[in-house]
1. Take residue 62 and tell me if it is modelled with pLDDT of 80 or more, open to solvent by 40 Å² or more (accessible area, probe 1.4 Å) and out of contact with any Asp or Glu (no Cβ under 9 Å at 6 or more places or on another chain).
2. Do we have any residue at all in the stretch 206-220 that's more than 17 Å from the chain's Cα centre (by Cα), of a type in the set (Gly, Ala, Ser) and within 16 Å of ligand 2 (Cβ to nearest atom)?
3. Is it the case, given these coordinates, that residue 216 is farther than 26 Å from residue 286 by Cβ, open to solvent by 70 Å² or more (accessible area, probe 1.4 Å) and within 9 Å of ligand 1 (Cβ to nearest atom)?
4. Output the residues belonging to the stretch 169-213 that are within 14 Å of ligand 1 (Cβ to nearest atom) and touching a His at 6+ places or on another chain (Cβ under 8 Å).
5. What is the residue count in the stretch 239-263 for residues that are closer than 17 Å to residue 205 by Cα, open to solvent by 60 Å² or more (accessible area, probe 1.4 Å) and more than 18 Å from the chain's Cα centre (by Cα)?
6. Of all residues in the stretch 334-372, count the ones that are open to solvent by 90 Å² or more (accessible area, probe 1.4 Å), at pLDDT below 95 and in a helix (DSSP H, G or I).
7. Open to solvent by 40 Å² or more (accessible area, probe 1.4 Å), part of a helix (DSSP H, G or I) and either more than 16 Å from ligand 2 (Cβ to nearest atom) or more than 27 Å from residue 5 (Cβ to Cβ) (or both) - does that describe any residue in the stretch 189-204?
8. Would you check which residues across the stretch 24-81 are part of a helix (DSSP H, G or I) and polar (S, T, N, Q) and list them?
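The values are calculated or read from the model by the stated rules, or taken from the named source; none is laboratory data. For clarity, every value in this text was computed on a predicted model and none was experimentally measured. All Cβ positions, glycine included, derive from the backbone under ideal geometry; neighbour counts span all protein chains shown. The area values use the complete protein model at the heavy-atom level, side chains included, leaving out ligands, DNA and RNA. Shrake-Rupley method; radii C 1.70, N 1.55, O 1.52, S 1.80 Å.
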Amino acid sequence: MHHERMTPAQQTQWIAERARALGFDLCGVAPVSAESLPELARLPEWLDRGYAGEMKYLHDARRSDPRQALDGARSIIVVALNYHTPHKPPDPAAASPRGWISRYAWGDDYHDVLREKLNALVAEMRAQIPEPFDARAYVDTGPIIERVAAKYAGLGWLAKNTFLINPKIGSWLFLGAILTTLALEPSLAPGAAPLPDFCGTCTRCLDACPTQAFPQPYVLDARRCISYLTIELRGEIPEEFRPHLGNAVIGCDICQDVCPWNRKAPATPLAAFQPRERLFAPELEWLASLTQEEFSAVFRKSAVKRAKWRGIVRNACVALGNSAASLDPAARERVAALLHRLASSDDAIIATHARWALTQFPRPSPQSLAPR
Ligand code: SF4
Ligand code: SF4
C-alpha cells in the first residue's frame, strides 16, 4: 500500500490520534538531544546522595541518556494511561485488620497492559510511515526518564511529590515511552515553556508523608519512602520506619491521595485496572498466612509479585503490629497467635518482623494479672 509521505507535524498528530484510539489518555512528543531533557542532568546527584537506596538498576547510564538507550534516537513519544478507580482507603476495622495495597497494583500488572498497547502503536507506525526508522517501546525504563520526557512532551508538570501531574486528570497515571529515530515534531513549539507548575504554595504531600521522605520539595529520598520499603527493599525494614508504615503492605499513595489535583481524577474504564477480589484492602491475617504457592497463585500477572512472598508476609507482620492497639480482644488473641507462629518461621526476615510486631501488642497490666 502506498502512503503519502507525512510531514513531521502530521506524523506527530497521527501518532497522538492512534494513541488515543488505543486507549491512552495522553500522548505527546519530546525531542531528544543533550539539552532537551535538562532534569536528567540532576540524576547523578540524586544517586550520589544515596536516595535510590538498593535500586542499583537506576545507576544504569541509559536511564539518564535516551541516546544511549537507542542509537540515533531523535524523539521520544510519551503516553499516559489513567488507572484511577474511585475506591477510598478503608476505615481501620478492629474485628479484622485490613492492609493497604497501592492503587497501581490492584489489577493486572501495568507493565503488560502498557507494553501491549505500546507495541501495537509501534506496529501501526511501521505500517503507516514508509521511511526506515528504529523505535523501541519502554515501560519503566527508568521512572526518571519517563517523567521528565512527559513534562517536555507537554503532558503535565513535575510536582513537589515528584509525580507528573496533568491539570485535567491528575497523577494516577502510568507512563510509557517510545524512543525513535524519527524526527517527529515536538508537541511543544521550540522555545515554548512546558506546562506551568501549579503546586504553588501547597505543601500537602510533603506534610502528609508518614516517613518524611521528601528532603526538599520535588526531591524524594526513596530509602525513606514506604513504596521502596515495602516493595524494593529485600532485607529488614529499618526499625525506625516500621511504626510509620501503618497498614501499608504494598506501596502507600498518601502523597497522591492528599493532592488537590487528584480530587477530580476521572475513573478508568479499563477492566484490567479494577481491583482483583481480595486485593482492595486485603485482610492482613490472610496475607500473613499465605504460603509461597498461594502467593504465586493469587498474584499471578500482578505487579505485587515484585515484592515476593517473603516481602509481603514481612510487610503484613509489620502492619499487624501497627494494628495491635485498635484490635478488639478476640482479634488481638488471634493475631498474636498468628504472629507467634510466624516468629518461629524458618525464614529469618519473617521471624524478625513477626517478633517486632509482637512487641507492639499492649502488655497485660500487672493489676490484671494480680490474684484477686
Ligand atoms: S508514597 Fe508515601 S511514604 Fe512515599 S513519599 Fe509518598 S507519602 Fe511518603
Ligand atoms: S499536594 Fe500540593 S504540593 Fe503536593 S503535588 Fe499536589 S499540589 Fe503539589
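1. No.
2. Yes, some residue in the stretch 206-220 is more than 17 Å from the chain's Cα centre (by Cα), of a type in the set (Gly, Ala, Ser) and within 16 Å of ligand 2 (Cβ to nearest atom).
3. Considered against the rule, which asks whether it is farther than 26 Å from residue 286 by Cβ, open to solvent by 70 Å² or more (accessible area, probe 1.4 Å) and within 9 Å of ligand 1 (Cβ to nearest atom), residue 216 comes out as no.
4. If the condition is that a residue be within 14 Å of ligand 1 (Cβ to nearest atom) and touching a His at 6+ places or on another chain (Cβ under 8 Å), then 172, 210, 211 are the ones that fit.
5. Here the count works out to 2.
6. Selection size over the stretch 334-372: 3.
7. yes
8. 68
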